Amino acid sequence: MASATQDPASTSPGGPGGPAQPRRALWREAGSRIVALREGSIILITIVVAVYFSANTSTFFSGGNLETILPYFAPIAILAAGEVFVMILGEIDLSIAAMYLFAPIIYYKLNTSLGFPLGLALVGSLIVSTVIGAVNGIFVAVIGINSFVATLGTLFTFEGLSLIISKGTPVATPGGQIPVGTFGKVFGAGTYSELIWALAIVALLQLVLTFTRWGVYTVAVGSNKLGAAEAGVRTNLVMIRNFMLCALTAGLVGIFEAIRSQTVQPNPAGPNEILFFAVAAAVIGGTLLTGGSGTVVGALIGALFLGILKDGLILQGVQANYLLFYTGLAVIIAMAANVYVGRVRRGRTGGG
Amino acid sequence: MVGPTSAPEDVLRVEHIAKRFGPVTALKDVNLHLKKGEVLGLLGDNGAGKSTLIKILCGFQKPDSGQMFLRGEPFAPRSVDDARAAGIETVYQDLALIDELSVYHNLFLRKERVHRPVPLLSNRQMKREARAALDEIGINIPRIDVSVARLSGGQRQAIAVARTVNSDADIILLDEPLAAMGAKEGAQILDLVARLKAEGRVSIIMILHNYVHVFQACDRVSLIQDGAIALDKPTSETSVDELTEIVVNEYRRAREAAHAAPAPQPEQPGPA
Ligand SMILES: Nc1ncnc2c1ncn2[C@@H]1O[C@H](COP(=O)(O)OP(=O)(O)OP(=O)(O)O)[C@@H](O)[C@H]1O
Ligand SMILES: [Mg+2]
């Protein structure tokens, strides 16, 4: 308690460290520095959980088990990475589930009905996703509809459209059939394909968030929209752009998963579930919906945490029923921790 | 003041500016000019439309009608960026600071320094320039890599002023720049204004509520009343008494019009 309430300025790097601090103070400083890192607490917790499962199960750190975790963790990480850009704005995009469902269907149609080669079909379906993202952004930024409501509308619309276009029938994914070619292996079917995509996308988006104007303006709009506009930031553009990015990543994950599972599965149940796990991963990773703050790397670790939790519980022979319960607890704890860390970072103890 | 008020020396001039917000008429018919190198004090009651006028000048809002001229040319900024490109910078009354961003990111908001050819932020350059700019202005901010949410009200105001001064602008609009400042910091900002004026490069419009500050810092004073300029005089030709008198008369007149009854003795709205 005492360590976290101390003046955060004194925990900063480069500050004048007093001569020969007692050892406890050093530990305390190191501790509060990790906690003050937005991703700090979730990194610690993820390590603790991984160590716990490896001590209590014999197979946790086996290569085979890694391959079990990946298909669950990587798609959530990519979805969460895009969602973070919307959540930093203080908005939410529920329609990523619809993009996840809709993009592979467009991909399939472009390839089979219009004869587009695989690459072009992929690009075309991603463009369609991105345009729908722009529509979300226009609803929210220009027309001023609450993002929960606007994207709930596009969620149902495009999940419905997916069912109508596909007539509810699963079809074989082009490029995903055995023997899988290079295209299929790169875009989802390769064992480490989605992992590599996840790491690359997270690295790229964290770079964009931290080291580009796009990132600064995203934080600015999420933190103080009027002030950002007064300073000359084109807030509508920033918002629309982030909704486009979010829809793009969701469409991409949808196609990866369709290729990996070899089937374009027009059933909204799976996407709707993964949507909530993606939001959970972002929240657990340190991105609250309050606007102005968030981290893509945190979302990746949040997704990893969820993957380890699910996998570990199954390995331990605990009923999978516990997964939702523990996920819920993790979201609540992460929420509380982040509200607290946010206050420490701002050097304020009151609410607000 | 040298010479008569003639158009060529006006760096900024607005004519018949009007602005309504639904049923509220913020500005009815404003005529205003700003000479090169001049510091103009803009006065008016709360809600008189001072901030609205500033926001029109800096491109944040569009007037319903009227014309503006910048260095003699017609001027109709479509955005804040537009006005900024034309050399106008603003300190807003709400400061327009981003709590979640660091001091230096706030100082360079919309003017970020980036690397070439990949436009990644050059944080090191921004930190260096921010530190130099704050030192030059004489603002004491211990750390520039903390978020501005951690600063005091006066420090935040100083950052907003520094952001405006640390630019190529030759017209600076300051909306109550001293509102949250202590006596010493306020004096620092007024010194800064005096220094800028001495350099002769910039022209300044400054909204103030404190008449003492007005007479200390401004060459000329304009008073907005009923959506129009009710008084426009060099500070050397007016006095605290005259300004007070106008404001109080207005108050009495409004009072009498409203009640059509003997008005009670109004309090003197002297220097805050
Ligand atoms: N965006 C807006 N929407 C609606 N009404 C507005 C808006 N901006 C200003 N107004 C109204 O216009 C009038 C003038 O407001 P303005 O902020 O320009 O006053 P001011 O002179 O700056 O006052 P103060 O000294 O309190 O800052 C007020 O009645 C205000 O309520
Ligand atoms: Mg005002």
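Among the residues making up the range A:285-310, those that are under 17 Å from A:Ile332 (Cα atoms), open to solvent by 10 Å² or more (accessible area, probe 1.4 Å) and not in a helix (DSSP H, G or I) are A:Leu288, A:Leu289, A:Thr290, A:Gly294. All of (1) open to solvent by less than 40 Å² (accessible area, probe 1.4 Å); (2) in contact (Cβ under 8 Å) with a residue 24 or more places away in the chain; (3) within 29 Å of A:Arg260 (Cβ to Cβ) hold for A:Gly190 with one exception: (2). Residue check: A:Trp214 meets all listed conditions (1) buried (at least 20 other Cβ atoms within 10 Å of the Cβ); (2) of a type outside the set (Asp, Glu); (3) in a helix (DSSP H, G or I); (4) within 14 Å of chain B (Cβ to nearest Cβ) but one, namely (1).
Of all the residues in the range A:225-284, those that are open to solvent by less than 50 Å² (accessible area, probe 1.4 Å), within 14 Å of another protein chain (Cβ to nearest Cβ) and not in a helix (DSSP H, G or I) number 3. Looking across the range B:76-91 at every residue that is away from chain A (no Cβ under 12 Å) and under 19 Å from B:Arg201 (Cβ atoms), the one that is farthest from the chain's Cα centre (by Cα) is identified as B:Ala86.
Residues that are touching a helix residue (DSSP H, G or I) at 6+ places or on another chain (Cβ under 9 Å), open to solvent by 40 Å² or more (accessible area, probe 1.4 Å) and part of a loop (DSSP other than H, G, I, E, B) do not occur anywhere in the range A:149-163.
Among the residues that make up the range A:135-147, is at least one of them in contact with a helix residue (DSSP H, G or I) (Cβ under 7 Å, 6 or more places away or on another chain) and surrounded by fewer than 14 Cβ atoms within 10 Å (Cβ to Cβ)? Yes, the range A:135-147 contains at least one residue that is in contact with a helix residue (DSSP H, G or I) (Cβ under 7 Å, 6 or more places away or on another chain) and surrounded by fewer than 14 Cβ atoms within 10 Å (Cβ to Cβ). In the range A:63-84, the residues that are at pLDDT below 85 form Cβ pairs under 8 Å with partners that are outside any helix (DSSP H, G or I) and of a type outside the set (Lys, Arg), at six or more places apart or across chains, as follows: A:Asn65/A:Thr59; A:Glu67/A:Thr191; A:Leu70/A:Thr191; A:Leu70/A:Tyr192.
Whether any residue in the range A:72-93 is surrounded by fewer than 21 Cβ atoms within 10 Å (Cβ to Cβ), under 14 Å from the mean Cα position of the chain (by Cα) and at negative phi is what I want to check. Yes, the conditions are met somewhere in the range A:72-93. The residue that is nearest to the other protein chains (Cβ to nearest Cβ), counting only those in the range B:24-62 that are open to solvent by 40 Å² or more (accessible area, probe 1.4 Å) and more than 9 Å from ligand 1 (Cβ to nearest atom), is B:Phe60.
Just so you know, in the range B:92-103 the residues that are under 22 Å from the mean Cα position of the chain (by Cα), buried (at least 22 other Cβ atoms within 10 Å of the Cβ) and away from ligand 2 (no atom under 16 Å from the Cβ) include one that is nearest to B:Ala130 (Cα to Cα), and it is B:Val103. Against the test of being surrounded by 23 or more Cβ atoms within 10 Å (Cβ to Cβ) and away from ligand 2 (no atom under 16 Å from the Cβ), the options B:Arg143, B:Arg156, B:Arg163 yield a single qualifying residue, B:Arg163.
Conditions tested, residue by residue: (1) in contact (Cβ under 8 Å) with a residue 60 or more places away in the chain; (2) more than 16 Å from ligand 1 (Cβ to nearest atom).
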residue: B:Leu134; (1), (2): no, yes
residue: B:Ala149; (1), (2): no, yes
residue: B:Gly154; (1), (2): no, yes
residue: B:Thr164; (1), (2): yes, yes
residue: B:Ala169; (1), (2): yes, yes
residue: B:Ile172; (1), (2): yes, yes
residue: B:Gly186; (1), (2): no, yes
residue: B:Ile189; (1), (2): no, yes
residue: B:Gly227; (1), (2): yes, no
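For the range A:315-351, taking the residues that are part of a loop (DSSP other than H, G, I, E, B) and more than 14 Å from every other protein chain (Cβ to nearest Cβ), the one that is modelled with the highest pLDDT is identified as A:Gln316.
Looking across B:Val2, B:Val80, B:Val11, one residue alone is at pLDDT below 95 and away from ligand 2 (no atom under 16 Å from the Cβ). It is B:Val2.
The values are calculated or read from the model by the stated rules, or taken from the named source; none is laboratory data. Predicted model only: the values in this text are computed from it and were never measured. Backbone-built Cβ (ideal geometry, glycine too); neighbour counts: all protein chains shown. Just the protein is used for accessible areas: all its heavy atoms, side chains included, with ligands, DNA and RNA removed. Shrake-Rupley method; radii C 1.70, N 1.55, O 1.52, S 1.80 Å.
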